[in-house]
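Encoded as structure tokens, the structure appears first; notes follow it.
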Amino acid sequence: MSAPTSTMTEPSRRRLRPRHLWIIPGLAIAVYANSIAGEHNLGLVPLLLFGILPKLPFFLGLGQSTQRGQLPPRAVVGWNAMHHPTLPLAVFGVAAAGILPVFWTVSALAWLSHIVVDWGVGDGLRSADGFRLPGVGRLIGLGGRE
């Protein structure tokens, strides 16, 4: 028996790209945040809250017409603020120094995990008109290729 030739000759539209490797550290950060939450009996609240929180600025643009793949322009500033790693890293640093309770350590790690996984799936920072910037490279200085 042989496989149908039509599926063998058609190019696959989906393929792995180097950006997909960002999913691995993103999930590792999430697992670490979960283990800290378990050690301190925090439950799922900080994980779920700060795992979802970065998506909330999307709702600022509801009702605004957009093209496919475009974030409504009035939501871009909030989206970019929630999808830049500086804020969760700052919260993590302050919490790791013992100034904030462990709840904030877990929250910052869940938030950072969300951002890193978004890099892996091709989401992240947006231009002023709401379109995706050409990859994590622009953020961390590796160029624009994904």
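The values are calculated or read from the model by the stated rules, or taken from the named source; none is laboratory data. The model shown is predicted, which means the values in this text are computed figures rather than measured ones. Because the Cβ atoms are built from the backbone with ideal geometry, glycine has one as well, and the counts that use them run over all protein chains shown.
Numerical summary
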read-out: Verdict on residue 76 being touching a strand residue (DSSP E or B) at 6+ places or on another chain (Cβ under 6 Å) and in a helix (DSSP H, G or I); value: yes
read-out: Every residue from region 43-61 that is at pLDDT below 85 and either surrounded by 14 or more Cβ atoms within 10 Å (Cβ to Cβ) or of a type in the set (D, E, K, R) (or both); value: 58, 60, 61
read-out: Selection count where residues are part of a helix (DSSP H, G or I) and either more than 13 Å from residue 115 (Cβ to Cβ) or β-branched (Val, Ile, Thr) (or both), scope region 14-32; value: 10
read-out: Residue under evaluation residue 129, criteria (1) among the acidic types (Asp, Glu); (2) more than 13 Å from the chain's Cα centre (by Cα); (3) under 24 Å from residue 24 (Cα atoms), criterion not met; value: (3)
read-out: Selection status of residue 140, at pLDDT below 95, of a type in the set (A, V, I, L, M, F, W, C) and at negative phi; value: yes
read-out: Lone unmet requirement of (1) touching a Phe, Trp or Tyr at 6+ places or on another chain (Cβ under 9 Å); (2) modelled with pLDDT of 85 or more for residue 71; value: (2)
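Matching residues to (1) out of contact with any Gly (no Cβ under 8 Å at 6 or more places or on another chain); (2) buried (at least 17 other Cβ atoms within 10 Å of the Cβ); (3) closer than 23 Å to residue 20 by Cβ:
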site: 38; (1), (2), (3): yes, no, no
site: 63; (1), (2), (3): yes, no, no
site: 93; (1), (2), (3): yes, no, no
site: 96; (1), (2), (3): yes, no, no
site: 107; (1), (2), (3): yes, yes, no
site: 110; (1), (2), (3): no, yes, yes
